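Have a look at the structure below, then the notes.
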Amino acid sequence: MADIQKFGEEFQRASKDGFDASVRSFGEVSKGFQAIGATIVDYAKKSFEDGTRAFEQLVGAKSFEQVCEIQSQYAKKAFD
């Protein structure tokens, strides 16, 4: 009977340790996804601002050469 009780206690301890490790792991994964999400939001915001700025410059362009220069600068910045 003592062997069964000892086995039960060991099983409970192992289960608890496994559960605790799973919870910690899930927390780290969650932090990782939050960081990825923040990076994506920052990139999207910057991209939108750059596109808006380029559009405003294109609307104000006075010559075809200016349009080509603005487009070229925007494409280079977007590529970088």
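The values are calculated or read from the model by the stated rules, or taken from the named source; none is laboratory data. The structure displayed is predicted, hence computed values, not measured ones. Heads up, the Cβs are rebuilt from the backbone with ideal geometry, glycines too, and the neighbour counts pull from every protein chain shown.
Tabulated data
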item	result
Filter result (surrounded by fewer than 10 Cβ atoms within 10 Å (Cβ to Cβ) and among the charged types (D, E, K, R)) within the range 3-23	3
Filter result for residue 76 (under 29 Å from the mean Cα position of the chain (by Cα) and surrounded by fewer than 10 Cβ atoms within 10 Å (Cβ to Cβ))	yes
Residues being more than 30 Å from residue 71 (Cα to Cα) and among the acidic types (Asp, Glu) - total across the range 21-60	1
Any hit, the range 24-45, residues being surrounded by 11 or more Cβ atoms within 10 Å (Cβ to Cβ), without any contact (Cβ under 8 Å) to a residue 60 or more places away in the chain and under 26 Å from the mean Cα position of the chain (by Cα)	no
Lone qualifier among 48, 26 - being modelled with pLDDT of 90 or more, among the aromatic types (Phe, Trp, Tyr) and assigned to a helix (DSSP H, G or I)	48
Yes/no for residue 18 being out of contact with any Lys or Arg (no Cβ under 6 Å at 6 or more places or on another chain), over 30 Å from residue 71 (Cβ atoms) and not acidic (Asp, Glu)	yes
